[in-house]
Amino acid sequence: MLKQILIKLPLKLQKSDLLDSSGSDSGNHTSNSGNGVQCANIGNSISSRLSVVKRVSSAVFPASIMVGVEAVEPYLSFTDVSSLQKQSLFISKLNLCCEVSDFSDPDKTSAEQDLKHQTLIELVDFVSTGSAKFNEPAIAAMCKMCAVNLFRVFPPKYRSNSISGEVEDEEPMFDPSWSNLQLVYDLLLGFITYSSLDAKVAKKYVDHSFISRLLDLFDSEDPRERDCLKTILHRIYGKLMVHRPFVRKAVSNIIYRFVFETERHNGIAELLEIFGSIISGFAVPLKEEHKMFLWKSLIPLHKPKLVGVYHQQLTFCVVQFIDKDPKLADSVIKGLLKYWPVTNSQKELMFISELEEVLEMTSMAEFLKIMVPLFRRIAFCLNSSHYQVAERTHLLWNNEHILNLVTHNRQVIFPLIFPALERNSENHWNQAVLNLTQSIKKMLCEMDEELVLACRQKMEEENSQSSEATEKRKLIWERLETAANVIPSAACPVAC
């Protein structure tokens, strides 16, 4: 009796090692099950490559967690096994998918690619039905499979016009392996959003290293991939709260590198879209850490030439901060004035639009701190030779809140903008701008006619003084020229 038990014992152990080898015997079992010799050969080929992947990732996802898990043939369907075996089959299929397919050659290993694609579809369906149980072995297998398939190094960017500010006009580049990548992303999203997922166990595998490499993928040139990453990172931020400070710090580092070093990154818009939602959930009063993110990360993002790619998301984030703390409006407007474009008219139009949104949320107390430098800049914009910039600046007076701020501080603001309006009336080439200028001058006269007359008188005095100064300089130069002509050429000490 005892001898018979000892004879059978090695067979039991050999079966339990099936998960690590992932299929050295799977080909024979498959052929015996009636799936054909081809599937058996594919299984053996994939299993030999999986052993290499296992050695590489064993430090992050150790095999010790798989002890006690009964292996099930990965080529079986979930409908062909009992309920008790489905969890083991789920893990076996995850391990089977730890094989990276080469999509550079469409005809290469098409059978292996089809097998993996079909397996990923089965896994996505299995998770979406809610039948999966994410215990620690399943979580480890899931994170390992996602890491092997998703984390990769992107090729260098060879686009010559990526520095010229025209990247937003280029056609997007699509990853040839997207058919499989999309399924892996769907599986990862289903895993993160799974209702019964234990966050305490998940955070051991979705750790700082995993999140850092996930953030690196935001530089993908495929917009479909960045959209998936945006959803997944947002879910991770909401599910694994212990990682929230790290996510904010890591995104700040990406922004620093983009603003101050490379000015090249494909995923800034998606990252800002995530943070727009995160900022709206900040508790009031804001922590100093959150204010530093505004000052050190968001405001400097106005500097790069490619701000147009992500300006809409950036404006939303800035407005969310001011909505949480109106006192931040002063800092935001100072930042806009600091990075205000001088030669880029399209960028200037974006700044004016953002300025209007910020001013709508600015209180009188904060407005008093920045109104002088602000309206000096607005005066320059009123005189812009680019008609769209001048026209957009004139339209600021159509905003009731801004007009109310100007009305209450007209003693300071009128002298700053009235000379610009007068120069427009005399010299601007565009008829639409001339009409807007006349409308604003009429509005100012109705608001305070005496102040407008005083501004006009002061401007005439300044013009008269400027003309006198110009005449004096002209006379001085004429005297110098006359004196130079009187001196004989022989008296010149320098040999000509």
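The values are calculated or read from the model by the stated rules, or taken from the named source; none is laboratory data. From a predicted model like this one, the values you see are computed outputs, not experimental measurements. Glycine gets a Cβ as well: all are built from the backbone with ideal geometry, and neighbour counts include every protein chain shown. Keep in mind that these areas ignore ligands, DNA and RNA; they rest on the heavy atoms of the full protein, side chains included. Shrake-Rupley method; radii C 1.70, N 1.55, O 1.52, S 1.80 Å.
Say R0 is 41 Å: what FRET efficiency, to the nearest 0.05, do SER195 and GLN346 get from their beta-carbon distance?
Once rounded, the FRET efficiency stands at 0.30.
For a 20 Å ceiling on Cα separation, which of these pairs sit above it: LYS347/LYS441; LYS305/LYS347; LYS249/LYS296? Numbers along the way, then the final one.
On the way: LYS347/LYS441 27 Å; LYS305/LYS347 8 Å; LYS249/LYS296 12 Å.
Long pairs (Cα-Cα over 20 Å): LYS347/LYS441.
Tell me, what ³J(HN,Hα) does each residue in the range 406-421 have, in order and in whole Hz, if you take phi through Karplus 6.51 cos²θ - 1.76 cosθ + 1.60 with θ = phi - 60° and put x for Gly and Pro?
Result, ordered by residue: 5, 4, 6, 10, 5, 4, 9, 7, 4, x, 7, 9, 5, x, 5, 5 Hz.
Using 0.36 nm per residue of separation minus the Cα-Cα distance, give me the extension gain between SER131 and TRP295 in nm, one decimal.
Extra length available between SER131 and TRP295 comes to 54.4 nm.
Which value in nm describes the separation of the simple spin-label points at PHE282 and ALA483, placed 7 Å from the Cα toward the beta carbon?
So the two model labels end up 6.3 nm from each other.
Roughly what would the spin-label model give for GLU171 and GLU449, points 7 Å off Cα along C-beta, in nm?
Label at GLU171, label at GLU449, 6.4 nm between them.
Tell me, what is the FRET efficiency for ASP207 and THR79 to the nearest 0.05, using R0 = 41 angstrom and their Cβ-Cβ distance as r?
Once rounded, the FRET efficiency stands at 0.70.
Suppose R0 equals 51 Å; then what is the FRET efficiency for ASP325 and ARG473 from their Cβ-Cβ distance, rounded to the nearest 0.05?
On the way: r = 51 Å, r/R0 = 1.00.
The calculated FRET efficiency here is 0.50.
Express in Å², to the nearest 10, the accessible area of THR262 obtained by rolling a 1.4 Å probe over the protein heavy atoms while all chains stay in place.
Its accessible surface works out to 70 Å², give or take rounding.
Lys/Arg Cβ at +1, Asp/Glu Cβ at -1, dipole of the range 326-481 taken about the Cα centre: which of VAL358, VAL389, LEU480 is farthest positive-ward?
LEU480
Label the range 326-481 by shape, choosing from rounded, prolate and oblate, from the square roots a ≥ b ≥ c of the eigenvalues of the Cα gyration tensor; if a/c is under 1.5 it is rounded, and otherwise prolate applies when a/b is larger than b/c, oblate when it is not.
On the way: a/c = 1.75, a/b = 1.56, b/c = 1.12.
Since a/c reaches 1.5 and a/b is larger than b/c, the shape of the range 326-481 is classed as prolate.
Just add up the charged neighbours of ILE232: K/R +1, D/E -1, any other residue whose Cβ is under 14 Å from the Cβ of ILE232.
Summing Lys/Arg as +1 and Asp/Glu as -1 gives 0.
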